[in-house]
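Quick notes on the structure that follows.
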């Protein structure tokens, strides 16, 4: 009997222990269960998403302007309120670090889902294979050719333009009138007006001629107008463009100091009364109006040789190739639709890359209306995966001509050798 009681007691204890163990295991959290079973958080995330949790979409941007940041935040809040599948949020990355972090992220697989990127940089990252090919997935029939070309590599579309700007000739109306000059429309007329408006205190003409991308941006329209491309400088047209700028400097009509001026510096010289004419862009207009309200100035087409051209600036959207690409595309479709672009683009100070929106912008503003007209002539820099290196070769060429350390022909030949080597890679 004692043996029987002992066996029964052991049986009851065993059942109690099993019940206790079972109850303890059932109360553990999902993460602990996953750890015990050798699974990771991805399984938990998958389960959560299947249960209705929103995806998180991250956009990188580099705007320091607080108003731009607030406008973007408003766009995202509006979109997040229109659907229940994703939450889109923005992250600021300083411009000086933006390309570096994007490159490092591509190597380390630590990237956002969407980027707002400077359009001349677009092709380089598309060539790295980090941008989603959205060819045929979004209607771009209403866009200007220049902005769309900046998103296109080898015939495939790797992004959608966000907003655009372009270059024009700014001129001091009083100075031209005092010199008895009309607004120049050709290279010959520009050379004549620049000479007549140059005094001991005023330079007739200038543009930012820095030996970097900013300088190349301002020099390329002269190459294009003469009839060559961004990749062919050692030909009649390329040498002609270099010679024209070099001659302006030699005869004193264009100040040599422009090789040290940013576009902002050039604007400051203009509003201070030290320049009669300059090349600059749409983004300077609000500053000029606020800082020099009494200055009489206007804008015109960049004087041409063979054809009207302008340089294209602005930003594009690009989708990172990852598991959120489809959801990111839905956001891009929304934010680039006609009605949405119309609702925010003026606040950013951009010209819409969509023609059907741009044509209704800035009514009553003759200056901005002129820039809209120029958009049909605005060309993208490149686009090419190695555009920064090509740009460096071009900016070195015109700097050597301006400083008279090389002839136009020699500078063009040297630059072309570099460019050809890049193109053959």
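The values are calculated or read from the model by the stated rules, or taken from the named source; none is laboratory data. Here the structure is a predicted model, which means the values were calculated and not measured. Neighbour counts are summed over all protein chains in view; Cβ atoms, including those assigned to glycine, are modelled from backbone coordinates with ideal geometry.
Test residue 276 against the criterion of being crowded, with 24+ Cβ neighbours inside 10 Å and either within 22 Å of residue 214 (Cβ to Cβ) or at pLDDT 95 or above (or both), and give yes or no.
yes
Looking at region 237-347, what strands (runs of 3 or more DSSP E) fall wholly within it and have at least 1 residues that are under 19 Å from residue 196 (Cα atoms) and touching a residue at least 60 places away in the same chain (Cβ under 8 Å)?
Answer list for region 237-347: 275-281, 297-300.
Which residues, taken from region 101-129, are part of a loop (DSSP other than H, G, I, E, B), surrounded by fewer than 21 Cβ atoms within 10 Å (Cβ to Cβ) and in contact (Cβ under 8 Å) with a residue 12 or more places away in the chain?
Residues of region 101-129 part of a loop (DSSP other than H, G, I, E, B): 109-113, 128-129.
In the following step, the residues that additionally are surrounded by fewer than 21 Cβ atoms within 10 Å (Cβ to Cβ) were identified as 109-111, 128-129.
Once the filter is applied, which keeps residues that are part of a loop (DSSP other than H, G, I, E, B), surrounded by fewer than 21 Cβ atoms within 10 Å (Cβ to Cβ) and in contact (Cβ under 8 Å) with a residue 12 or more places away in the chain, region 101-129 yields 111, 128, 129.
Look through region 369-387, keep the residues that are surrounded by 19 or more Cβ atoms within 10 Å (Cβ to Cβ) and in a helix (DSSP H, G or I), and return whichever of them is nearest to the chain's Cα centre (by Cα).
387
Quick check on region 244-258: of everything there that is crowded, with 18+ Cβ neighbours inside 10 Å and out of contact with any strand residue (DSSP E or B) (no Cβ under 8 Å at 6 or more places or on another chain), which residue is nearest to residue 273 (Cα to Cα)?
Looking at the filtered set, the residue picked out is 249.
Just checking, how many residues over region 191-213 are surrounded by fewer than 19 Cβ atoms within 10 Å (Cβ to Cβ) and either in contact (Cβ under 8 Å) with a residue 40 or more places away in the chain or not in a helix (DSSP H, G or I) (or both)?
7
Filter region 73-100 for residues that are in a helix (DSSP H, G or I) and touching a residue at least 24 places away in the same chain (Cβ under 8 Å) and give the result.
Of everything in region 73-100, those that are in a helix (DSSP H, G or I) and touching a residue at least 24 places away in the same chain (Cβ under 8 Å) turn out to be 74, 75, 79, 95, 98.
Could you list, in sequence order, all residues of region 153-190 that are part of a strand (DSSP E or B), surrounded by fewer than 20 Cβ atoms within 10 Å (Cβ to Cβ) and touching a helix residue (DSSP H, G or I) at 6+ places or on another chain (Cβ under 9 Å)?
156, 157
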